[in-house]
1. Kindly provide the chymotrypsin sites (Phe, Trp or Tyr not before Pro) of region 126-199 that DSSP labels as loop, not H, G, I, E or B, and whose Cβ sees at most 14 other Cβ atoms within 10 Å.
2. Please arrange Glu153, Glu65, Glu166 by counting, for each residue, the other beta carbons lying within 10 Å of its beta carbon, fewest first.
3. Relative contact order for region 5-195: what percent, with Cα pairs under 8 Å and sequence separation of 6 or more?
4. Hey, can you grab everything whose amide H is under 5 Å from the amide H of Ala164? Only 5+ residues off in sequence or another chain; H modelled, so Pro and N-termini drop out.
5. Please list, in order along region 99-114, the HN-Hα scalar couplings obtained from phi with the Karplus expression 6.51 cos²θ - 1.76 cosθ + 1.60 (θ = phi - 60°), rounded to whole Hz, x for Gly and Pro.
6. Read phi for every residue in region 83-94 and hand back ³J(HN,Hα) as whole Hz from Karplus 6.51 cos²θ - 1.76 cosθ + 1.60, θ = phi - 60°, with x for Gly and Pro.
7. Each residue of region 167-173 in order: what ³J(HN,Hα) in whole Hz does its phi give by Karplus 6.51 cos²θ - 1.76 cosθ + 1.60, θ = phi - 60°, with x for Gly and Pro?
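Rule-based calculations on the coordinates, nothing more; no lab input. Since this is a predicted model, take the numbers as computed values, not measurements. Cβ placement follows ideal geometry from the backbone for every residue including glycine, while neighbour counts extend to all protein chains displayed.
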Amino acid sequence: MTVSKEEKFPSLCGKFLVAMPGMGDARFEKSVVYICAHSVEGAMGFVINQTLDSPSVSDFLAQLEIISKDEQPEYPVENIQSKVHSGGPVEPGRGFVLHSPDFDSSSTVKVQGDVCLTATLEVLREIAIGKGPKLSFLALGYSGWSAGQLESEIVDNGWLVSEADERIIFDQHNDTKYTRTLKLMGIDEGLLSATSGHA
């Protein structure tokens, strides 16, 4: 009996990928990727623990000029992380927002649980005027895999697959997201590195 690709690799949508030491791609070193879509046609997701030095979220929203000066909130916008994330190497100039389900539009896609994805100016405008979703994560670019590519990388021990934790996605402690995700899996980072032959 032939086993289909779907049976070998059920959808990883809504899961974390954790980069293994020595995976061979410096762009994903010690990265945690949240998968938003996965099928036989390929996969896409966002690195959740790599931020850009610039622009800041406030600068990015200002550069878009999507609201007038009269609409600028008189208080700091606190419902989004302060830094823009580097979601991946594909389309690095395009913005994406992962967010809680209290914002919804015709282009919003529910990923898994209480995590949604919107990639339109509408959600950014709501964030800019302080009326956006309670929890938000802004990324430029995304991580993408062609048909069978991600499955091959997992088989080659490039990635570990973990259940996702929404708190890790949305909190601002990017420097500990890798270690915390490994802990969710019951894995000590030091032992993982030693097992992989790296100090």
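1. Loop-located and lightly packed - none at all.
2. Ranked by crowding around the Cβ, least crowded first: Glu65, Glu166, Glu153.
3. 29 percent
4. When sequence neighbours closer than 5 places are left aside, the close amide H contacts are Phe16.
5. In residue order, the calculated couplings are 7, 6, x, 6, 10, 8, 9, 5, 9, 6, 10, 7, 7, 6, x, 9 Hz.
6. Once θ is set to phi - 60°, the couplings for region 83-94 become 10, 7, 8, 8, x, x, x, 8, 6, x, x, 9 Hz.
7. 5, 5, 4, 8, 7, 9, 8
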